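The values are calculated or read from the model by the stated rules, or taken from the named source; none is laboratory data. The structure displayed is predicted, hence computed values, not measured ones. When we count neighbours, we look across all protein chains shown, and the Cβ atoms used for this are built from the backbone with ideal geometry, even at glycine.
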Amino acid sequence: MMSYILRRIAYAIPILIGVNVITFVLFFVVNTPDDMARMQLGAKHVSEAAIEKWKEERGYDKPILWNSEVGSTDKITDTIFFQNSVKLFLFDFGRSDSGRDISYDISKRMWPSLSITVPSLILGLMAYITFGLILAFFRGSYIDVSGVILCVAMMSISGLFYIIGGQFLIGKVLHLVPISGYDTGLNAIKFTILPVIIGLVGGVGASTRWYRTIFLEEMGKDYVRTAKAKGLSETIVLYRHVLMNGLIPILTGVVVILPSLFIGSLVVESFFAIPGLGSYTIDAINSQDFAIVRSMVFLGSVLYIIGLILTDISYTLVDPRVRLN
Amino acid sequence: MTTKYIKTINHAKFGLSWIFILLCLIISGCEQSAWNNPYPEQDSSKRIYYDSFSERPKHLDPVSSYSANEYVFLGQIYEPPLQYHFLKRPYELIPLTATELPKPVYYDSEGKVISDEVDPEEIDHVKYTISIKSNILYQPHPAFAKDSSEQYLYHELSPKDLENIHTLSDFETVGTREMNANDYVYQIKRMAHPKIHSPIAGLMGKYIVGLNELAKELHELDSSKINYIDLNQYELPGVKVIDDTSFEITLKQKYPQFLYWLSMSFFSPMPWEADYFYSQEGMKDKNITLDWYPVGTGPFMLTENNPNLRMVLEQNPNFRGETYPEEGAEGDEALGLLEDTGKTMPFIDMAIYSLEKESIPSWNKFLQGYYDTSGIVSDSFDQAVQFNAQGDAQLTDEMKEKGIRLITAITTSTYYMGFNMADDVVGGDSERARLLRRAISIVVDYEEYISIFSNGRGKPAQGPIPPGIFGAIEGEEGINPYIYEWKNDKPVRRDIEEAKELLIEAGYPNGREQTSGKPLVLHLDTPAAGPGAKATFDWMRKQFSKLGINLVIRSTDYNRFQEKIRKGTAQIYQWGWNADYPDPENFLFLLYGPNGKIEHSGENASNYKNIEFDKLFNEMKSMNNSSERQEVINQMIEIARKDAPWLWGYHPVGFSLHHDWYHNAKPNLMANNKLKYRRVEPTLRADKRVEWNPPVWWPIALLLLLLTVVLLPAIISYRRKETESIL
Amino acid sequence: MPVIFITDAFIFLLLFMVLGFAFYASKHEHLSSPWKDVARRPIAISAAIILSVYVLIGLLDSLHFHPKLEDNKSSETIYSTEILSVLDIVLNDLRTNTERTYSSPLASYAFAKEMIDQPDGKQIRDYPRLKYGGAHLDDPESQASDDITKRIVFGFMVGILISVLMFTLIVSIISKKSKSTFKSTLNKCIQNDLEIPWYAMFITTSIIIITISCIYNLAQHYHVFGTDKVGQDVLYQSLKSVRTGLVIGTLTTLVMLPFAIMMGLMAGYFRGWIDDVIQYLYTTLNSIPGVLLIAASILLLQVYISNNEADFTSLEERADLRLLFLCIILGITSWTGLCRLLRAEALKLREVDYVQAAQAFGVGNLSIMLRYLLPNVMHIVMISIVLDFSGLVLAEAVLSYVGVGVDPSMYSWGNMINSARLEIARDPVVWWSLAAAFIFMFILVLAANLFSDAVRDAFDPRLRGEV
């Protein structure tokens, strides 16, 4: 097990290098360091000298990938790419182009993101599994049919409508919770209610339908038939066997997204003015702060790879037949 | 068996009722309040001012900050020598920390004092002596903290000392000291600091004696090794301390606009202790910088700087106290703006600015009473304001019922559409291009633009200078005769037919090249993007198509747009200008040839160049406001109107709303330190908030009921089936 | 003078491919039987009819040309620089009848009060009459509701009439083909006893025809969905947005399809280092957060366009290129899922007897992949195309919100939602743009979801819920 994990981590390194190269190339083709300097220095009265100074301070005056002017090994190391990306592997994100310490900002902004995504995930799992189970239980009845139709209909609505509608209804018309914003500590709870509810409603269609099929598949299996033949009541079969076995694909499906909960949701966070990592990323794209974008891409990739590894491990935990190799 | 099943169903309801219970729990403690109150309940009775901001301030260092959204905070913290009178119009400079307005003294090349009437050429240098008030203290700050032996506590910090420090408030001891003239001088020297990019360093270098030389000298230091430059060790010949309460600035030439600069935060005092404190090793890594934690003498200090959430200003306990102005402009008394006359400012204890990026939430929060004041975005305009039969803006009944009040003011800015004079088709000095430009100027109907996109909140421009600034003329004499006619006591845009005729004269009948018959295609560059952009593009194309011209809109991000302007590859572009100070020079310089964008990377984005205009500009620049100056400006504007390098566009009119409990709300477009004048009534506000935000529960109860009704028959039938199967 | 945008070319390429495949499949029983299975499901066939209406609109909107300029003095014909599509010609009235600003659906008066010059020179502040909406009425206040009802009833009648005619025609054709009497076919049809559920088809088609007929009748004198901020007809915008939605939904998969198939099969078939490289490639691409990749690429394209301004003479061309680029980028972020599925399938297939046998006989690797592997994974490809469609249409809206969607000058539901979301803050609420975008999008995505369910069930019931 341990050696497997180590091997996977070693395998992750070339992937992360690749990710770095891609983001790096994309952003530097788009933005010359001059553009970035101008963006950061403001709009009025920016002199060329100021731009040069800005670039020099941040090391953006070096060649991008290959420095032909210096000695042998420095040809690669004395470049923007090398100087900026090697530190990432040590999780030293450095300073943003506006001069802030990125690691500190990430550690601060992670919590608001988590305060939305974690309740959404837990409540969502509870609600969707229950709904899926109910539909599977009443399969073929009017509840199942209308439930599935409702699910497909809800899947077909753009998430933006849920956000716009939810904000309008719960926040503006019903006066139940603040429309948007955030606060520190326990005061944050009232701000998270609306985004969480909207997140739940937005995901209900697809997830319920998926869970329903999982449970239905489970119900069609031999052991269920055997259990029923033994004379067990349908409720017990459903509750003890179908639910428990159906949870395996559901939970392993959840494991893969666990790490990405840190990143938060771009759209929800910017609609509700939540100072999480999602809005951090959007702001960075808009202000073309390359240092932040690069760090967030790197973080996102690391979390994705962790998610993959966790999924593999969780398979072995729930199903002893699976071996890691 | 059935009980177990019921549990499953309960489980389903649990998901929904969980939220329900949670809500009840949060709210149970505070019955007397609105449930959607985004602020802690205990704050309701405090004298707190609530506002929002939409863009995070990039710089809070007064020497590098140059944008209105930063001045909202900086203006309350830092105090330059001068300020604008809060109430009087036209705008008038008055002393802030200075004892009186400094007067320029002119010297000729032999060092003799001469009068300002003489030809500017004869003036060799100008001296301003600024004397400042004594007993002005800085806000409490660790940089001033001293131990019992009068040594600075936090000036020799080791990495170990910084281990548990994350924000400025982690330093336990704070101190203060009296502000003196050297702090002002220190700040001016900072403009030359190689590590700070002061946006006005170039401009001031042209005027302040020795600033450029100092910048060169400092730049030669190895900047990578030096954290702190002790600027007190360097001489700046143009800026000298006379004694603790006065200093002297020497300019290379006559520059009457200099006094306006003295009211901007570039010229606020900066204690060297703070600069030294922040420059210590390791501070920057902790995000503790002067750019993040300002140190000032003003009425407020920044106690929470979290631009992703909110900015909090609190009263500076060391503030000397200033009294509310005693006289105002005409009509101010009737508006209740003189009620606080003579009282000691500031009137509020704290100001909380929350981040609001989306306009809908912030507008709704204003209506719910959670912001004291709000602008009006185009989409909520009709809800707030209607025009009466005379065309005057009035609040709607809904707003009046809430006691909301409306304030309008023509801004000192101009939004224009420029032609690139370096372009082959629309640019240049040829008669053909000039006629084309004028034809387009007539046909782009800014009256309609203002009414559609700004709900009538704008005044079509007759020239570059907005009304309210010296040089702009109202009424019949003020109209642009090339585009407007004076009819029925108001300017009326000339007929499209006239534009078509001009177009024929220019050689584009019906918008087609006379010789080849090919349609004329023009390009508009704009940095606009976002939800509203498409509508404006469609509208713009509609205007040009009136002449048969096909307009191609090239929208890009702001960086790319600026680059195009810089390189001069744009053809027609949209831009705007916000006044730095209320002087016509600040607008006319946008058309001054030697400010051309391509050649001199100045602010003249159209690259307009007219020898006569440039000559008059140099003359006008150093004149005092007088009828002669007006005459020169009139000539300049006539030249510009004839050449039409801009479609003059419009001057936006600012509309702002404020609640009943908010006082002294007079808009002042020049002053940045307005917060100290504001007053709020917290009890009235708390009552209204409860009254306006009654929680509505029944739809949720209804939803739960509906769910039960849907599920009930199934449960019953299932139970029946279950019992049957067992039997 | 016709103009062919790049996406137009792709659309027609796709159309020919679909037609070609349909022709090929009709000759091969194993290919056509799952489709026949789809056609036997009433919901699926109804969804397919709705989809085909959208496709028709999209196709009409993909035939672009420069209109001729009239009153031209020189001898050679000169074309306008404007670019129109056939759909624009069909909807010419809707396109050109623009009001000044907002008007609500079926209104005869503007939405907001304005200063109106009276004939006697005085000014009053009132709701002005619209230039086109209800312009044929003398006194809309009293006549409008009657007129609208009349038009709806008339449209309804015409719709019913056309539907009945069509139904009779179809039934008689079937009866002739099956050589039974008209009456017995009719009976079978109503009892849903035929192989294909004609009954469901008929109901769907009639609803569509009646709706179109009603809207057509109303649209001649009213703005059925009102007008937007600059007075443009919202119905026209919604219809123009259809093409954008379809292009995003289909081309995205199409452009990346060859890569996904090639890479997936190669990885599974060759294994070894090729497998490693391909796996590395898609894990890397997959681990970059999609939005960031899209944002960066859209910025990249803008730089390219502004550096090569001369190559893009019209707004439409720029917008079109951006649309294509968006499709490619979305494709890059979404092909990996399909590639992984194909790799797994190919791993299994390469061990199958006939592939082993072919290898033993020395059949080339390429032809093994094309002849033995590809046909056996086609069902996965099919399912994934259909399943991705609705997700992509929805994604377009979100991307427009983030600011990295299609060009802001392009008609799309995302742009409509994005600009209309601020309008619901107005009071009275301007809801119609949002509602129109919602309805058009909802119907398309719903139909696509229902259709894809049927396709998935027909092709591979085992894949349920896994893709």
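Considered as a group, the residues in region C:188-231 that are under 21 Å from C:Leu56 (Cβ atoms) and aromatic (Phe, Trp, Tyr) include one that is surrounded by the fewest Cβ atoms within 10 Å (Cβ to Cβ), and that residue is C:Tyr216. When restricted to residues that are more than 11 Å from chain C (Cβ to nearest Cβ), surrounded by fewer than 23 Cβ atoms within 10 Å (Cβ to Cβ) and either farther than 17 Å from A:Asn20 by Cβ or of a type in the set (Phe, Trp, Tyr) (or both), region A:277-309 contains 3.
Within region C:68-115, the set of residues being hydrophobic (A, V, I, L, M, F, W, C) and at pLDDT 80 or above comprises C:Ile83, C:Leu84, C:Val86, C:Leu87, C:Ile89, C:Val90, C:Leu91, C:Leu94, C:Leu106, C:Ala107, C:Ala110, C:Phe111.
Whether a residue is touching a Phe, Trp or Tyr at 6+ places or on another chain (Cβ under 8 Å) and either modelled with pLDDT of 85 or more or away from every other protein chain (no Cβ under 14 Å) (or both) was assessed, and C:Tyr372 passes this test. Any residue at all in region B:516-532 that is farther than 27 Å from C:Arg322 by Cβ, within 11 Å of chain C (Cβ to nearest Cβ), surrounded by 20 or more Cβ atoms within 10 Å (Cβ to Cβ) and charged (D, E, K, R)? No, region B:516-532 contains no residue that is farther than 27 Å from C:Arg322 by Cβ, within 11 Å of chain C (Cβ to nearest Cβ), surrounded by 20 or more Cβ atoms within 10 Å (Cβ to Cβ) and charged (D, E, K, R). Of all the residues in region B:533-565, those that are at the interface with chain C (Cβ under 9 Å from one of its Cβ atoms), in contact (Cβ under 8 Å) with a residue 60 or more places away in the chain and either touching a Cys at 6+ places or on another chain (Cβ under 6 Å) or closer than 30 Å to B:Ile504 by Cβ (or both) number 2. Would you point out the residue of region A:138-175, among those that are small (Gly, Ala, Ser) and in a loop (DSSP other than H, G, I, E, B), that is farthest from the other protein chains (Cβ to nearest Cβ)? Only one residue fits best here, namely A:Gly140. Flag: C:Asp139 matches the condition of being of a type in the set (Asp, Glu), exposed (fewer than 12 other Cβ atoms within 10 Å of the Cβ) and in the same structural domain as C:Asn217 (by TED's automatic domain parsing).
Conditions tested, residue by residue: (1) touching a helix residue (DSSP H, G or I) at 6+ places or on another chain (Cβ under 7 Å); (2) within 30 Å of B:Leu355 (Cα to Cα); (3) assigned to a helix (DSSP H, G or I); (4) touching a residue at least 24 places away in the same chain (Cβ under 8 Å).
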{"site": "A:His241", "(1), (2), (3), (4)": "yes, no, yes, no"}
{"site": "A:Met244", "(1), (2), (3), (4)": "no, no, yes, no"}
{"site": "A:Tyr280", "(1), (2), (3), (4)": "yes, yes, yes, yes"}
{"site": "A:Val297", "(1), (2), (3), (4)": "yes, yes, yes, yes"}
{"site": "A:Leu303", "(1), (2), (3), (4)": "yes, yes, yes, yes"}
{"site": "A:Gly307", "(1), (2), (3), (4)": "yes, no, yes, yes"}
{"site": "A:Leu317", "(1), (2), (3), (4)": "no, no, yes, no"}
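Among the residues of this structure, B:Leu590 counts as one that is in contact (Cβ under 8 Å) with a residue 40 or more places away in the chain and outside any strand (DSSP E or B).
Could you check, for region C:387-408, whether at least one of its residues is hydrophobic (A, V, I, L, M, F, W, C) and outside any helix (DSSP H, G or I)?
yes
Do we have A:Leu258 as within 30 Å of A:Phe137 (Cβ to Cβ), under 12 Å from the mean Cα position of the chain (by Cα) and more than 11 Å from chain B (Cβ to nearest Cβ) here?
So A:Leu258 fits the description; yes.
The requirement of being touching a Gly at 6+ places or on another chain (Cβ under 8 Å) and closer than 19 Å to B:Glu121 by Cα is fulfilled nowhere in region B:637-644; no residue meets it. One residue stands out in region C:317-368 among those that are of a type in the set (Lys, Arg) and under 30 Å from C:Leu292 (Cα atoms): the one that is farthest from the chain's Cα centre (by Cα), namely C:Arg343. Residue pairs, Cβ under 9 Å, 6 or more apart or interchain, first in region A:176-190 and within 17 Å of A:Ser279 (Cα to Cα) and more than 7 Å from every other protein chain (Cβ to nearest Cβ), second of a type in the set (S, T, N, Q) and surrounded by fewer than 24 Cβ atoms within 10 Å (Cβ to Cβ). List them. Taking only residues 6 or more apart or on different chains, the pairs are A:Thr184/B:Asn306; A:Ala188/A:Ser115.
The single residue among C:Ser314, C:Ser306, C:Ser297 that is at the interface with another protein chain (Cβ under 10 Å from one of its Cβ atoms), modelled with pLDDT of 80 or more and on the phi < 0 side of the Ramachandran plot turns out to be C:Ser297.
Among the residues of region B:284-294, are any surrounded by fewer than 18 Cβ atoms within 10 Å (Cβ to Cβ), of a type outside the set (S, T, N, Q), out of contact with any Pro (no Cβ under 7 Å at 6 or more places or on another chain) and in contact (Cβ under 8 Å) with a residue 60 or more places away in the chain? Checking region B:284-294: at least one residue is surrounded by fewer than 18 Cβ atoms within 10 Å (Cβ to Cβ), of a type outside the set (S, T, N, Q), out of contact with any Pro (no Cβ under 7 Å at 6 or more places or on another chain) and in contact (Cβ under 8 Å) with a residue 60 or more places away in the chain. The residue that is surrounded by the fewest Cβ atoms within 10 Å (Cβ to Cβ), among those in region C:75-101 that are more than 9 Å from chain B (Cβ to nearest Cβ) and among the hydroxyl-bearing types (Ser, Thr, Tyr), is C:Ser75.
Could you go through region B:646-655 and let me know if any residue there is closer than 30 Å to B:Pro584 by Cβ, crowded, with 21+ Cβ neighbours inside 10 Å, touching a Leu at 6+ places or on another chain (Cβ under 7 Å) and of a type outside the set (Phe, Trp, Tyr). No, the conditions are met nowhere in region B:646-655. List the residue pairs whose Cβ atoms are under 9 Å apart, where the first residue sits in region B:674-698 and is away from chain A (no Cβ under 14 Å) and in contact (Cβ under 8 Å) with a residue 40 or more places away in the chain, the second is part of a helix (DSSP H, G or I) and of a type in the set (D, E, K, R), and the two are 6 or more positions apart or on different chains. Listed pairs, sorted by first residue: B:Pro682/B:Asp43.
Within region B:37-48, residues that are without any contact (Cβ under 8 Å) to a residue 40 or more places away in the chain and under 17 Å from B:Phe366 (Cα atoms) reach no partner that is surrounded by 15 or more Cβ atoms within 10 Å (Cβ to Cβ) and of a type in the set (Phe, Trp, Tyr) with beta carbons closer than 7 Å at six or more positions or on different chains. Counting residues in region B:406-413 that are without any contact (Cβ under 8 Å) to a residue 60 or more places away in the chain, assigned to a strand (DSSP E or B) and either closer than 30 Å to A:Pro275 by Cβ or away from chain C (no Cβ under 14 Å) (or both) gives zero. What helices (runs of 4 or more DSSP H) completely inside region C:268-374 contain at least 3 residues that are buried (at least 19 other Cβ atoms within 10 Å of the Cβ) and in contact with a helix residue (DSSP H, G or I) (Cβ under 7 Å, 6 or more places away or on another chain)? Correct list: C:272-287, C:290-307, C:315-349. Say whether the condition of being among the basic types (Lys, Arg) and at pLDDT below 90 is met by at least one residue in region B:219-234. Checking region B:219-234: at least one residue is among the basic types (Lys, Arg) and at pLDDT below 90. Taking region B:377-395 as the range and being in contact with a helix residue (DSSP H, G or I) (Cβ under 6 Å, 6 or more places away or on another chain) and more than 8 Å from chain C (Cβ to nearest Cβ) as the test, only B:Ala384 passes.
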